[in-house]
Structure formats: C-alpha cells, structure tokens
1. Among the residues of region 137-146, is any over 24 Å from GLU54 (Cβ atoms) and either crowded, with 16+ Cβ neighbours inside 10 Å or touching a Leu at 6+ places or on another chain (Cβ under 6 Å) (or both)?
2. If you check VAL156, VAL120, which single one turns out to be outside the structural domain of PRO17 (by TED's automatic domain parsing), without any contact (Cβ under 8 Å) to a residue 60 or more places away in the chain, crowded, with 19+ Cβ neighbours inside 10 Å and assigned to a helix (DSSP H, G or I)?
3. Are there helices (runs of 4 or more DSSP H) fully within region 1-103 with at least 2 residues that are within 21 Å of PRO143 (Cα to Cα), at pLDDT below 75 and aromatic (Phe, Trp, Tyr)? List them.
4. Only one of THR46, THR78 is assigned by TED's automatic domain parsing to the domain that holds GLU18, without any contact (Cβ under 8 Å) to a residue 60 or more places away in the chain and either in contact with a strand residue (DSSP E or B) (Cβ under 8 Å, 6 or more places away or on another chain) or β-branched (Val, Ile, Thr) (or both); which?
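The values are calculated or read from the model by the stated rules, or taken from the named source; none is laboratory data. Keep in mind it's a predicted model, so treat the numbers as computed, not measured. With ideal geometry, Cβ positions are generated from the backbone for all residues, glycine too; neighbour counts draw on all protein chains shown.
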Amino acid sequence: MEIVRNADGTLVVPVQPERRHDSDDSAESGPAGAEVEGAQASEAPTTRLLHPGEGGYDEALAEWDSQQNPDREPAVSTASGREDAMTLVHAVASSPDHAVKSAVEAIDDPEASGEALRHVLAGGVHSVEDFAAEVAEAEGGDPLPAHEATKIIGEVLTELD
C-alpha cells in the first residue's frame, strides 16, 4: 500500500501488524486459539493518519514524495535552489490566502527549489527546524514551527509535481 496525502496535508500511511507470540501460560491453544488470534489480527488497523508535526510525519512525507516519481534521483540541494526554496516557503507562509501556486510561479527555478525542499525533508525533523530558522533569518520574522514548515513543503511539492 502506498502513502496517501490528503488535501489538508495529513498522510494515510500503512501500519505493519503487530507480531504476536504464543505465551506458555495462554489458556487458549490449538485451533480455537488460532481462530481468536486471527480475529484479533484482522481487527488491528492497517493504516494510520499522520498530521503535520506528529512523529514520523516528515519521514512519511519524504517517502510519499519519492512514491510520486520513483525514478527520480536522490535530492541534491544547490545554493540557488535553497535560496529560492526559502523565499517560496516564506511567501506561502506569509500569504493571507496561502497562495502556493502563485508563489511557485514567481520563483526562477522551481525544479531546483523542489530538490532543495526534498533534501530538507530527507534530513528529518531537525533539518526542517533548521530550515525554518534559516527562512526566518533570511526573510525576516519568527521561525515557523516545524509542522507548519513541513506542511508548506508538502503543498509546494504537490504543486511542483
């Protein structure tokens, strides 16, 4: 199952079922115990909804992005791409109508910006926090919380794809 990105930025990710071990003191054994165990396994959720800022969200978003184009080379960030990416994230964050499309259209090299943003995501939550601090330093204002920066990065990557 692939990761699904919803319009609100949440991600539906597959969940591995828990492995169950038979215990020696289990009252149920044999075929009846197997039936109960099978019923419990089928009741376990197979997906999980992750919101921006939740543990594992950044990694899941990076995985979702790689699923969109599995033949894409690993992300490489250039200085100009990173500068454009910072401008882009700041523009979306400070826009009253959260205008992703117009912000993407306003940058010089959308592909380099996308690569820079993918590189940020690949670094995980600390990379996103550092990037948000760089955006604030370069563009002014307070750093975005990591979950907001991650959500904007996901929206931008969706627009670029």
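1. So the first thing to find is which residues in region 137-146 are over 24 Å from GLU54 (Cβ atoms), and the list is 137-141.
Those left that are additionally either crowded, with 16+ Cβ neighbours inside 10 Å or touching a Leu at 6+ places or on another chain (Cβ under 6 Å) (or both): none.
No.
2. Details: VAL156 fails: without any contact (Cβ under 8 Å) to a residue 60 or more places away in the chain.
Answer to the check: VAL120.
3. Values: elements: 30-43, 57-68, 79-94.
Here the list is empty.
4. Working: THR78 fails: assigned by TED's automatic domain parsing to the domain that holds GLU18.
One residue alone meets the criteria, THR46.
Condition check ((1) polar (S, T, N, Q); (2) surrounded by 15 or more Cβ atoms within 10 Å (Cβ to Cβ); (3) closer than 27 Å to VAL13 by Cβ) across all residues:
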{"position": "ARG72", "(1), (2), (3)": "no, no, yes"}
{"position": "GLY81", "(1), (2), (3)": "no, yes, no"}
{"position": "VAL104", "(1), (2), (3)": "no, yes, yes"}
{"position": "GLU129", "(1), (2), (3)": "no, yes, yes"}
{"position": "ALA132", "(1), (2), (3)": "no, yes, yes"}
